[in-house]
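The values are calculated or read from the model by the stated rules, or taken from the named source; none is laboratory data. Just so you know, these numbers come straight off a predicted model, no measurement behind them. With ideal geometry, Cβ positions are generated from the backbone for all residues, glycine too; neighbour counts draw on all protein chains shown. Quick note on the areas: whole protein, heavy atoms, side chains included, nothing else; ligands and nucleic acids left out. Shrake-Rupley method; radii C 1.70, N 1.55, O 1.52, S 1.80 Å.
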Amino acid sequence: VDSLVADASHINSKLAEFTKKAKKLYEQFEDKKNFPTESAFKEKLFVKVVEVEEDRDFVKDFEQFIEYHENKGSALTTVRNLKQTLSRIKDASEKKKYPLDYSSMNLNFYSKFIKFCREVKVSDEVTGLKDNTIGSHIKLLKTFLNYASSLGWNKYNYYKHRDFKILFEKIKVVSLTEEEVSKVAELKLSHRPRLELT
């Protein structure tokens, strides 16, 4: 099912490009007030124009995005989180044998990245990142991809698919009642100075 959705996303993106080209051609003919025959229009529409574009390096662009945040004085936690996200993405790419470029930031990558994050060894006792941590990485990745799109580096919008979502898990917050706080404050711990200080 994931592959079908990813294919549908790819087809929709190509159709959008095709529509844009058709509109541009129409405007050119309208400006000249010289409309071609239907067959001539189709011929021009289906001719592939080879555009020479600078190849973008996804990792270098992400590093430049981190540098941008460092230079503009973003919070240290933001910069640290961006570095961690890039590191996780690079590790996932290597482990899952998945290319790191803008065209591969689709649902196929998304599912492989989540699988990697859930399998990664965090410590000797813990395996797998929590959904909120994975969600934070996805959120920062999407933020970077939006930034790259705004600069014309990223020509793909697969990451905007509704299934390319930020994972979120509600955390149960445990807190003391006022009565329990009072009981702790009233504890007599003079015979245990360290605990009393705490």
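Out of all the residues in region 158-186, which are assigned to a loop (DSSP other than H, G, I, E, B) and surrounded by 10 or more Cβ atoms within 10 Å (Cβ to Cβ)? I'd like the intermediate steps shown before the answer.
We begin by selecting, within region 158-186, every residue assigned to a loop (DSSP other than H, G, I, E, B); these are 161-177, 186.
Hits for region 158-186 are His161, Asp163, Phe164, Lys165, Ile166, Leu167, Phe168, Glu169, Leu176.
Can you name every residue in region 13-25 that is surrounded by 13 or more Cβ atoms within 10 Å (Cβ to Cβ) and at pLDDT below 75?
Hits for region 13-25 are Ser13, Leu25.
Only one residue in Glu30, Glu53 is at pLDDT below 75 and either open to solvent by 90 Å² or more (accessible area, probe 1.4 Å) or not in a helix (DSSP H, G or I) (or both). Which one? I'd like the intermediate steps shown before the answer.
Values: Glu30 fails: either open to solvent by 90 Å² or more (accessible area, probe 1.4 Å) or not in a helix (DSSP H, G or I) (or both).
Answer to the selection: Glu53.
Please go through region 116-169 and give me each residue that is among the basic types (Lys, Arg), within 21 Å of Lys90 (Cβ to Cβ) and under 15 Å from the mean Cα position of the chain (by Cα), ordered by number.
Within region 116-169, Lys139, Lys142 meet the criteria.
Going through region 101-157 one residue at a time, which ones are part of a helix (DSSP H, G or I), open to solvent by less than 60 Å² (accessible area, probe 1.4 Å) and farther than 19 Å from Leu167 by Cα?
Selection gives Tyr102, Ser103, Ser104, Tyr147, Ala148, Ser149.
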